[in-house]
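Worksheet for the structure shown next.
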Amino acid sequence: MCRLFSITSKEPLSPMVALEALDVMREGHDCSGVGIFLRDLSGPFEEMKDAPILSGIFSEKGLRRLDSFMMDIGFMTKYKITIKVPKQPPPGVPKRDIYLIRAYEYPEEWDDLSQEALYDRLLEIRLQLRLMGEEKNDMIVFSFWPDVIMIKEIGDPMLVAEHLKLDRKELHARVIMAQGRQNTNYAITLYACHPFFIQGYSTMTNGENTAFIPIKAYLESRGFPGYMGYQSDSEVLTHILHYTIKKLGLGIEAYKHIITPLQDGALQEHPDAIFLKNLKQTCRQLIIDGPNCVIGCMPDHSVFMVQDRKKLRPGVVGGKPGIYAFASEICGLDAAIPNRDKNRDFQPMHLDTAIVGPERQEVKIWNQSDPLPLLH
Amino acid sequence: MDAPTSVYKAYYGIRQKTDPAYKCVGCAMCNMVCPNDAITPICGDEADKLRYHIDRGGQPRRRGGRRNVAGGILDRLKFIRISMLTDPALDAGRHEFELRTLLGRVLPPEENLKFLRTNGWIPPVREIYPLIIGSMSFGALSPTMWEGLQMGVAYLNEELGMPVRVCTGEGGCPPRLLRSRFLKYVILQIASGYFGWDEIIHAIPEMKEDPCAIEIKYGQGAKPGDGGLLMWYKVNQLIAAIRGVPTGINLPSPPTHQTQYSIEESVAKMIQSMYMAWGFRVPVYPKISGTSTALAVLNNLTRNPYAAGLAIDGEDGGTGAAYNVSMNHMGHPIATNIRDSYLNLVALGMQNQVPLFAGGGVGKTGNLAANAAALIMLGASGVQIGKYIMQAAAGCLGSESDRCNICNIGLCPKGITSQDPRLYRRLDVEDVAQRVVDVFLSFDTELKKIVAPLGRSTSLPIGMSDALGIDDYDAAQRLQIKYVV
């Protein structure tokens, strides 16, 4: 199994908080890899919330290609974090040239673009870079988005953290998501490593989505360039979230209704029965068939956890006003927020979506049988 | 000399008829009536020579039954993606399952939600059980068989909560059924003979419920490219009345609908007028026989917002009276037809919009659930069965080696396809209904036994091709599934 940990805090935290929590839960994962998602950044990035940050791994040659590509478009480097790694990586960690975290200034010609168009271009560039990298095997790009950093690597999470010196002030963030394990079902590639990211939406998953192939086929046939990749069966969960909100204009509450709709009996009794029946039918190809525990982060910095219909994967949320964490296991939560009221810990069940909003004051539990807020 | 006290003479109790018209069909009724159980039909170990003589009067052989070819690719498909540890296999007996499918044109999500907001027309969609009793007409089937099927289906729906549907076939629908609440479990078929539709149209104002759907038959697996053929033997008063024809005449339907010579015309005229007849509340879909031109039909349907699905009946479809040559040599296998159609829909991004229904030889060797699940994973939204239900629910004797196969001339020894009361009284309506229920319940359990180990329970695994494998490299390539040995 994978182990997941996510924390959202008023005060910026080091990524090590999440990695240490993962380490506590190490009985549940095989330490074969790590993925970290950082958002609502502090430190130097605090001052440049709008500047898109490129995260990825590059060879020397790849970096030169990146530079000329970005300069041709008109991007100027605004700030970068240089991660100097020792020549010899720890056992199990591949040798890399450069782990890049670089904030850019938008090209001047982009000034008049609407935000929507701007975001589409950012996606386009990330995909172009990904394709370029795959062609020559010299770049791996995780995200290109304002106020978001992603780091992924194969190997024991703690060794990777030490190797990359992740405990640094520039990487402190208020929202952190981390996952500990490489992909096991398909080939080992960093593109299969959670969390996944698309246009501000990120999710990571514990478990296997057994309906992966039909969902993948459906997303790929939507005609949206970002719905690609799928080296992992869990990536579709990120894209379904994006599709729910950006393409269908629905709220986070609808996400659960799309991935695991209510069964017919319960649906008929729901106050929004007609809407939900339509949603269930029209989005039938997006129904996941877990078992999956999904933790995700929205562009407004809210963090959520949702379980599939089977509820066969562990997941708990707890904390106190100002700081909340979502973890696969209670011991992970204990490691990160020991002095919380444990009576208020909550383990979402098959109908629940647990959400901690950007204000980080409470855990909102939204049950699938509740009326949908967006319709009333 | 005295007259002999005893006289010995030969008495011919049976006058043997050697005309091919009287050939033994293997019905085994001799066995059932012989008090000493001394007779049994045994097929010779050599191919019969009768086949060269069954064209008396210049009439090629016609029959009902099956394609008479054993095997087929469906039985060779294996379910290989067994959930092991990374995701636990489910308990088929105790886990919750929702194995339903949709029949109807499903709009793409963006459009559906927009129409919902703006009160636009959203095509009717039925949530039904993925195993459908395919079209066998009232006329082809005996009254007892037909009634048994309807009773079984009604019980499955009303007592067991399984939304099973049955299609009428071309011969119309008994007036009382048209005016009953059970009509909602019935798919009314219209075919090129339009038999029974006068009655149906006139009943519309009096219908308490809408029918489940309307199936427009353009072709069927038993006789691809040929029309229906209810032979005169079976056209008695009741059948004639329901169909609106005189008694005792052959009822050959034309191979195509006489006013429609293209799919565009068909869609425009027939699908839309059928929608209109029921106030746009009933899904209307065409059924074609398996063909290499299925994609052309499908592509046209995708461009029309009304088409509610496409049913394809593969070459192994065998119910229906047909010329021997049509049944044995015409048609397209269902597996590639369904797979190509599904992948075509995927390429268009419309895999959820036009549901595909597969038929033709499903379960012909008894492996109903495995065949159905394989077709679903290849891309079908559901499957239709005909002869399987005749065998399983009424004890049809037919086999893949040309046993019996006299459904067309009304002499069915079991009374399944006869209109002669002396024969059809052999079939007990209640028994048929009971067996229909048994078949669906056991199918349901088997289907769960297939999907549960694959980790699927929340939805029907339509297009889950990663679960399929076959030990034939070429077939694997062709179907785009895994080659496993």
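Could you list all residues from the stretch A:285-303 that are part of a strand (DSSP E or B) and closer than 19 Å to A:E208 by Cα?
The answer is A:N292, A:C293, A:V294, A:I295, A:G296.
When the stretch B:312-370 is examined, which residues are found to be hydroxyl-bearing (S, T, Y) and either within 14 Å of chain A (Cβ to nearest Cβ) or not in a loop (DSSP other than H, G, I, E, B) (or both)? Walk me through it before giving the result.
Residues of the stretch B:312-370 that are hydroxyl-bearing (S, T, Y), as a first pass: B:319, B:323, B:326, B:336, B:341-342, B:365.
Correct list: B:Y323, B:S326, B:T336, B:S341, B:Y342.
Pick from the stretch B:204-234 the residues that are surrounded by fewer than 17 Cβ atoms within 10 Å (Cβ to Cβ) and without any contact (Cβ under 8 Å) to a residue 60 or more places away in the chain: which of them is nearest to B:P123 (Cα to Cα)?
Step by step, filter the stretch B:204-234, then rank; the result is B:E209.
If you scan the stretch B:289-324, which residues turn out to be of a type in the set (V, I, T) and buried (at least 24 other Cβ atoms within 10 Å of the Cβ)?
Residues satisfying the conditions are B:I312, B:T319.
Do we have B:Y261 as touching a strand residue (DSSP E or B) at 6+ places or on another chain (Cβ under 7 Å) and either in a helix (DSSP H, G or I) or surrounded by fewer than 24 Cβ atoms within 10 Å (Cβ to Cβ) (or both) here?
Against the criterion (touching a strand residue (DSSP E or B) at 6+ places or on another chain (Cβ under 7 Å) and either in a helix (DSSP H, G or I) or surrounded by fewer than 24 Cβ atoms within 10 Å (Cβ to Cβ) (or both)), B:Y261 does not qualify.
Kindly list the number of the only condition in (1) small (G, A, S); (2) modelled with pLDDT under 85; (3) under 30 Å from the mean Cα position of the chain (by Cα) that fails for B:G26.
Just one mismatch for B:G26, condition (2).
Quick one: in the stretch A:139-173, of everything that is surrounded by fewer than 21 Cβ atoms within 10 Å (Cβ to Cβ) and among the basic types (K, R), which residue is farthest from A:D23 (Cα to Cα)?
A:K169
If a residue must be within 7 Å of chain B (Cβ to nearest Cβ) and crowded, with 21+ Cβ neighbours inside 10 Å, how many such residues does the stretch A:266-276 contain?
The total comes to 0.
Is the stretch B:265-282 home to any residue that is of a type outside the set (D, E) and in contact with a Gly (Cβ under 8 Å, 6 or more places away or on another chain)?
Taking every residue of the stretch B:265-282 in turn, none turns out to be of a type outside the set (D, E) and in contact with a Gly (Cβ under 8 Å, 6 or more places away or on another chain).
Pull up the stretch A:277-317, narrow it to residues that are more than 8 Å from every other protein chain (Cβ to nearest Cβ) and free of Cβ contacts under 8 Å to residues at least 40 places away in the same chain, then point me to the one that is nearest to A:S328 (Cα to Cα).
Per the criteria, the residue is A:V316.
Please indicate, with yes or no, whether at least one residue in the stretch A:322-329 is more than 15 Å from A:K256 (Cβ to Cβ), surrounded by fewer than 23 Cβ atoms within 10 Å (Cβ to Cβ) and at pLDDT 95 or above.
Yes; the residues of the stretch A:322-329 include at least one that is more than 15 Å from A:K256 (Cβ to Cβ), surrounded by fewer than 23 Cβ atoms within 10 Å (Cβ to Cβ) and at pLDDT 95 or above.
Give just the number: which of (1) of a type in the set (G, A, S); (2) surrounded by fewer than 10 Cβ atoms within 10 Å (Cβ to Cβ); (3) in contact with a helix residue (DSSP H, G or I) (Cβ under 8 Å, 6 or more places away or on another chain) does B:G58 not satisfy?
Condition (3) is where B:G58 drops out.
Only one of (1) under 29 Å from A:L13 (Cβ atoms); (2) in contact with a strand residue (DSSP E or B) (Cβ under 8 Å, 6 or more places away or on another chain) is not met by A:E208, so which one is it?
(1)
Of the residues B:G152, B:G104, B:G148, only one is touching a strand residue (DSSP E or B) at 6+ places or on another chain (Cβ under 8 Å) and crowded, with 20+ Cβ neighbours inside 10 Å; which?
Within the list B:G152, B:G104, B:G148, the selection yields B:G104.
Among the residues of the stretch A:152-176, what is the count of those that are modelled with pLDDT under 95 and part of a strand (DSSP E or B)?
3
How about the stretch B:266-283: which of its residues are crowded, with 18+ Cβ neighbours inside 10 Å and among the polar types (S, T, N, Q)?
B:S266
Which of the following residues is closer than 19 Å to B:P130 by Cα and among the acidic types (D, E): B:E215, B:E199, B:E206?
Within the list B:E215, B:E199, B:E206, the selection yields B:E215.
Counting only residues that are within 11 Å of chain B (Cβ to nearest Cβ) and part of a helix (DSSP H, G or I), which one in the stretch A:247-265 is surrounded by the most Cβ atoms within 10 Å (Cβ to Cβ)?
A:I259
Would you mind finding the one in A:G226, A:G251 that is farther than 23 Å from B:R81 by Cβ and touching a strand residue (DSSP E or B) at 6+ places or on another chain (Cβ under 9 Å)? Spell out the reasoning first.
Details: A:G251 fails: touching a strand residue (DSSP E or B) at 6+ places or on another chain (Cβ under 9 Å).
Exactly one of A:G226, A:G251 is farther than 23 Å from B:R81 by Cβ and touching a strand residue (DSSP E or B) at 6+ places or on another chain (Cβ under 9 Å), namely A:G226.
When the stretch B:61-98 is examined, which residues are found to be basic (K, R), modelled with pLDDT of 90 or more and surrounded by fewer than 15 Cβ atoms within 10 Å (Cβ to Cβ)?
Within the stretch B:61-98, B:R76 is the sole residue that qualifies.
Please specify each residue of the stretch B:212-224 satisfying the condition of being more than 16 Å from B:G359 (Cβ to Cβ) and part of a loop (DSSP other than H, G, I, E, B).
Once the filter is applied, which keeps residues that are more than 16 Å from B:G359 (Cβ to Cβ) and part of a loop (DSSP other than H, G, I, E, B), the stretch B:212-224 yields only B:C212.
Does B:G382 satisfy the condition of being buried (at least 22 other Cβ atoms within 10 Å of the Cβ) and away from every other protein chain (no Cβ under 14 Å)?
no
What is the number of the single condition among (1) surrounded by 24 or more Cβ atoms within 10 Å (Cβ to Cβ); (2) within 11 Å of chain B (Cβ to nearest Cβ); (3) part of a loop (DSSP other than H, G, I, E, B) that A:S232 does not meet?
Unmet condition: (2).
The values are calculated or read from the model by the stated rules, or taken from the named source; none is laboratory data. Treat the numbers as computed from the prediction; the structure is a model and nothing was measured. Cβ coordinates were reconstructed from backbone atoms using ideal geometry, including for glycine residues, and neighbour counts include every protein chain displayed.
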